[in-house]
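Below is one structure, written out as structure tokens, with a few remarks after it.
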Amino acid sequence: MTTVLTYGTFDLFHVGHVRLLKRLRALGDRLIVGVSSDEFNALKGKKSFFSYEERLEIVASSQYVDFAFPENHWQQKRDDIIKYQVDIFGMGHDWQGKFDDLSNICQVIYLERTENVSTTEIKQALSLVNVEKIRELEKSFSTTLDILQSITSAYT
Ligand code: CTP
């Protein structure tokens with residue numbers, strides 16, 4: 001039984017997450033995933049859109065994930081690897097080299113990220129949509145105001 005482990009926030013679950021989980025699952029017989037708690041995210045200076053409970057539910061429902069559990073602090077990885085008898089610890093290559101110290105207890109690998117998608121980019125795109133919507137509303141309000149003013153001046 002080969003056990004593969006990964007960690008992440010997995011907010012606004014997207015195709016980059018799906019592909020990473022799929023590739024990791026293909027490396028072994030079971031994939032277990034540590035999902036960052038809201039408190040741990042705050043420590044990392046991150047605030048997710050979905051709560052920890054929601055993100056855990058989404059990750060656990062993936063067909064590639066056998067078990068998901070909370071990631072509460074930086075130091076728990078070594079204990080988790082021993083506890084869950086992990087053979088392979090894998091992360092996206094944005095973490096390249098960061099967890100090499102764990103290679104004395106399991107194989108540590110970094111996988112290519114899927115290009116052109118990230119939670120940060122989705123958040124930025126959605127905030128632009130909001131700005132565009134506000135501009136549209138401002139435009140239609142000012143048109144309505146113009147019409148009202150011309151009606152008022154026609155009667156005064
Ligand atoms: N990941 C990936 N390909 C992407 C995005 C993420 O392979 N396009 C991987 C990351 O390398 C990480 C895991 O998915 O190992 C969880 O990443 P997470 O930080 O939750 O997702 P991001 O979309 O990278 O979020 P953010 O923009 O907030 O960093």
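What follows is calculated from the coordinates using simple rules that are stated; it is not laboratory data. As the structure is a prediction and not an experimental result, all values here were calculated from the model. Glycine also receives a Cβ, built like all others from the backbone with ideal geometry; neighbour counts cover every protein chain displayed.
Before moving on, here are some points about what is shown:
- Computed 3J(HN,Hα) for region 9-21, one whole-Hz value per residue from the Karplus formula 6.51 cos²θ - 1.76 cosθ + 1.60 where θ = phi - 60°, is 7, 6, 7, 6, 2, 10, 5, x, 5, 4, 5, 5, 5, glycine and proline marked x.
- For the chain, the relative contact order comes to 26 percent (Cα pairs under 8 Å, sequence separation of at least 6).
- Sites residue 132 and residue 101 - FRET efficiency at Förster radius 41 Å, r taken between beta-carbons, to 0.05: 0.35
- The chain: C-alpha gyration tensor shape, a/c 1.5 cut-off, then a/b vs b/c: prolate
- Here the Karplus curve 6.51 cos²θ - 1.76 cosθ + 1.60, taken at θ = phi - 60°, turns the phi angles of region 107-115 into couplings of 7, 10, 10, 10, 9, 4, 7, 6, 6 Hz, with x standing for Gly and Pro.
- On the beta carbon distance between residue 123 and residue 26, with R0 = 35 Å, the FRET formula returns roughly 0.75.
- Based on DSSP H segments of at least four residues, each scored -39500 (n - 2.57), the chain has a per-residue ellipticity at 222 nm of -14500 deg cm²/dmol.
- With neighbours defined as other Cβ atoms within 10 Å of a residue's Cβ, the residues 115, 138, 71 order from fewest to most as 115, 138, 71.
- Euclidean distance between Cα centres, region 1-30 to region 38-95, Å: 10 Å
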